[in-house]
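Engineer: Handing you a structure now.
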Amino acid sequence: MVPDPTAVAAEVAERMAAAIDGAVAEHGVATVAFSGGATPAPMLRALSQRPLPWDSVHVFQVDERLAPDGHPDRNATMLRAELLDRVGAQAHLMPVTAEDLQQAAGDYAALLADLAGGVLDVVHLGLGPDGHTASLVPGDPVLHVTDRDVALTGEYQGRRRMTLTYPALDRARLLVWEIVGDDKADAVRSLVDQGDVPAGGVSQARAVLVTDQAAAIGDRQNA
């Protein structure tokens with residue numbers, strides 16, 4: 001646990017940077033996937049200022065809303081503004097404007113397999129008050145997808161989404177959760193307990209949880 005959202009952003013940026021540096025040192029490239037929402041913007045700005053070997057970094061998305069390029073609903077819009085336009089990383093954005101979305105999801109999974117061997121070095125995750133992470137949302141059939149790394153959801157908060165699935169998340173070498181706000185406290189408890197919320201279905205074997213005091217759960221916090 002750290003005191004406030006500013007400290008959370010700094011801690012998460014530090015952990016992401018260390019994982020990226022370590023992956024490049026170990027096998028020449030780093031593969032990283034970022035979540036969207038409002039929370040990651042300060043962390044992405046902090047990360048963009050790190051003197052990392054960005055030309056050896058492949059950036060993927062954890063999930064994306066089906067919306068036009070440049071739309072404020074798109075996670076890619078923030079990702080570009082706060083990170084990609086500032087560094088020389090190789091960006092691989094989810095093809096959510098494709099005519100054939102099922103094919104596009106399959107193509108993105110194939111790209112993950114090609115560039116990351118299906119195993120991302122580090123994945124940034126957030127947590128919703130309803131216990132969702134990525135676009136693995138309560139009640140959606142995507143929660144039962146086990147044969148694909150990328151899938152499409154039904155409508156959630158006004159948009160369908162493309163998302164990494166449990167198998168893709170569970171194979172990652174490191175998961176870094178960034179969670180702020182007292183509205184997340186119950187969801188954090190369920191996450192740690194691997195309870196009956198979507199986030200609880202993600203393996204915690206290689207995970208780091210970073211929260212602020214508002215979202216923390218006392219001495220059970222592991223960050």
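Listed here are the residues, each with its yes/no results for (1) crowded, with 22+ Cβ neighbours inside 10 Å; (2) touching a Gly at 6+ places or on another chain (Cβ under 9 Å); (3) under 21 Å from Val188 (Cα atoms); (4) not aromatic (Phe, Trp, Tyr).
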{"site": "Asp130", "(1), (2), (3), (4)": "no, no, yes, yes"}
{"site": "Ala134", "(1), (2), (3), (4)": "yes, yes, yes, yes"}
{"site": "Val137", "(1), (2), (3), (4)": "yes, yes, yes, yes"}
{"site": "Asp140", "(1), (2), (3), (4)": "no, yes, yes, yes"}
{"site": "Val145", "(1), (2), (3), (4)": "no, no, no, yes"}
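Engineer: Could you list all residues from the range 174-214 that are of a type in the set (Lys, Arg) and part of a loop (DSSP other than H, G, I, E, B)?
Structural biologist: The first filter runs over the range 174-214 and keeps only residues of a type in the set (Lys, Arg), leaving 184, 189, 206.
Arg206 - this is the single residue of the range 174-214 that is of a type in the set (Lys, Arg) and part of a loop (DSSP other than H, G, I, E, B).
Engineer: Taking the range 115-164 on its own, how many of its residues are closer than 20 Å to Gln204 by Cβ and hydroxyl-bearing (Ser, Thr, Tyr)?
Structural biologist: 4
Engineer: Turning to a different aspect of this structure: Does the range 186-200 include one or more residues that are crowded, with 21+ Cβ neighbours inside 10 Å, touching a strand residue (DSSP E or B) at 6+ places or on another chain (Cβ under 7 Å) and of a type outside the set (Val, Ile, Thr)?
Structural biologist: Taking every residue of the range 186-200 in turn, at least one turns out to be crowded, with 21+ Cβ neighbours inside 10 Å, touching a strand residue (DSSP E or B) at 6+ places or on another chain (Cβ under 7 Å) and of a type outside the set (Val, Ile, Thr).
Engineer: Among the residues of the range 32-45, is any over 17 Å from Ala76 (Cα atoms), modelled with pLDDT of 95 or more and either outside any strand (DSSP E or B) or in contact with a strand residue (DSSP E or B) (Cβ under 8 Å, 6 or more places away or on another chain) (or both)?
Structural biologist: No, the conditions are met nowhere in the range 32-45.
Engineer: Shifting gears a bit: Just the residues that are exposed (fewer than 15 other Cβ atoms within 10 Å of the Cβ) and in contact (Cβ under 8 Å) with a residue 40 or more places away in the chain, please, taken from the range 84-117.
Structural biologist: If the condition is that a residue be exposed (fewer than 15 other Cβ atoms within 10 Å of the Cβ) and in contact (Cβ under 8 Å) with a residue 40 or more places away in the chain, then Gln102 is the only one that fits.
Engineer: Using the structure shown, decide if Leu209 is surrounded by 23 or more Cβ atoms within 10 Å (Cβ to Cβ) and over 14 Å from Asp63 (Cβ atoms).
Structural biologist: yes
Engineer: Please verify whether the range 116-136 includes one or more residues that are part of a helix (DSSP H, G or I), farther than 30 Å from Val192 by Cβ and at pLDDT 95 or above. Let's see the steps before the verdict.
Structural biologist: So the first thing to find is which residues in the range 116-136 are part of a helix (DSSP H, G or I), and the list is 116.
This time we only want the ones that are farther than 30 Å from Val192 by Cβ, so: none.
So far as the range 116-136 goes, no, none of its residues is part of a helix (DSSP H, G or I), farther than 30 Å from Val192 by Cβ and at pLDDT 95 or above.
Engineer: Take the residues in the range 82-115 that are in a loop (DSSP other than H, G, I, E, B) and touching a strand residue (DSSP E or B) at 6+ places or on another chain (Cβ under 7 Å); name whichever of them is farthest from Met16 (Cα to Cα).
Structural biologist: Val96
Engineer: A further question on this structure: Being among the hydrophobic types (A, V, I, L, M, F, W, C) and more than 19 Å from Asp85 (Cα to Cα) is the filter; apply it to the range 10-60 and report the residue that is surrounded by the most Cβ atoms within 10 Å (Cβ to Cβ).
Structural biologist: Once the filter is applied, the top-ranked residue is Val12.
The values are calculated or read from the model by the stated rules, or taken from the named source; none is laboratory data. Source: prediction; values computed, not measured. Because the Cβ atoms are built from the backbone with ideal geometry, glycine has one as well, and the counts that use them run over all protein chains shown.
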